[in-house]
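**Q** After the structure tokens below, expect a handful of questions from me.
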Amino acid sequence: MNEAIQTLDDSLEASRIVHLAIPVRWSLVSEDGRGPVEMACTYDIHPRGARLCGMREVNVGDLVQVERGRNRALCQVVWTGDRNSALRGQFSVQCIEGGKAPWDDDLKQAQEDYLPLLDAAQKKLSRGNDNRRRRPRYFVQGKADLIEGPQHMEGIVQQLSEFGARIDANELLKPGTDFNLMLNILDVNVGLKAQVKYHMDNRGMGVEFQEIRRGDRPLLDYVLNRLRARKVEEFGKVEVVGSLTNPAALAAVAG
């Protein structure tokens, strides 16, 4: 029971991530004491942690002390960006002590911001040809948190493209429903606003991404680049369309 509550708490915290760049100080903490103070900048923040960018490399599991003004907290590194990608130098920390995070005051004043996944020119282009419908999809095993008003659901991401996904869940939202979506794939969180386009197999939903949280586009690109080396199929293939209850909806969501 406690584990289930913790999982729910974690997913809700992740859904409240705000993209905000603020300067912080941090230092490694070991048995020998604190290391030299380094400067870093946040990419995004949430009540229990933050994603930072700094000059010094860290490893998952490292303990760090993070400070902003007079506020400080002991944190643990829970994720590091691939050093051979655009995420080099980024790392996520989670506070492991009670009390408020160093950026609590900033978080209270900030609002989560979303941007259209496609700008006006890209939308016009995507309507004029098959490029959007022929975007590759990737078979994955990821986690999805769906929030529609007071309703919170968990699902499994089975397939992913640049503009949509197939999500399996015990409960399905109705086609046409708009909802907030938090994806966790390859240990990367991506926040989106999405819409259900169709149901399949009584367990799956085809969803189309409408907007992406500010600052998360590089994370989505990173995930797609990592998956690109795996087996790729296109949404428009006959054997896939044949399994759908609404083939026309697949063309709209495919990307």
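Only the coordinates and a few stated rules stand behind these numbers; no lab work does. Model, not experiment: these values are computed from the prediction. Backbone-built Cβ (ideal geometry, glycine too); neighbour counts: all protein chains shown.
**Q** Which percent of Cα pairs goes in each bin when the distances of the stretch 16-109 are cut into 10 angstrom slices starting at zero?
**A** 18, 56, 25, 2
**Q** Give me 39, 55 ranked fewest to most by other Cβ atoms within 10 Å of their Cβ, as a rough exposure proxy.
**A** The fewest-first ordering by Cβ neighbours comes to 55, 39.
**Q** Let me ask you something else. Kindly write out, for the stretch 165-178 in residue order, the coupling ³J(HN,Hα) from the Karplus curve 6.51 cos²θ - 1.76 cosθ + 1.60 (θ = phi - 60°), rounded to whole Hz, with x marking Gly and Pro.
**A** Values, residue by residue: 7, 9, 10, 9, 8, 5, 10, 10, 6, 6, x, x, 6, 8 Hz.
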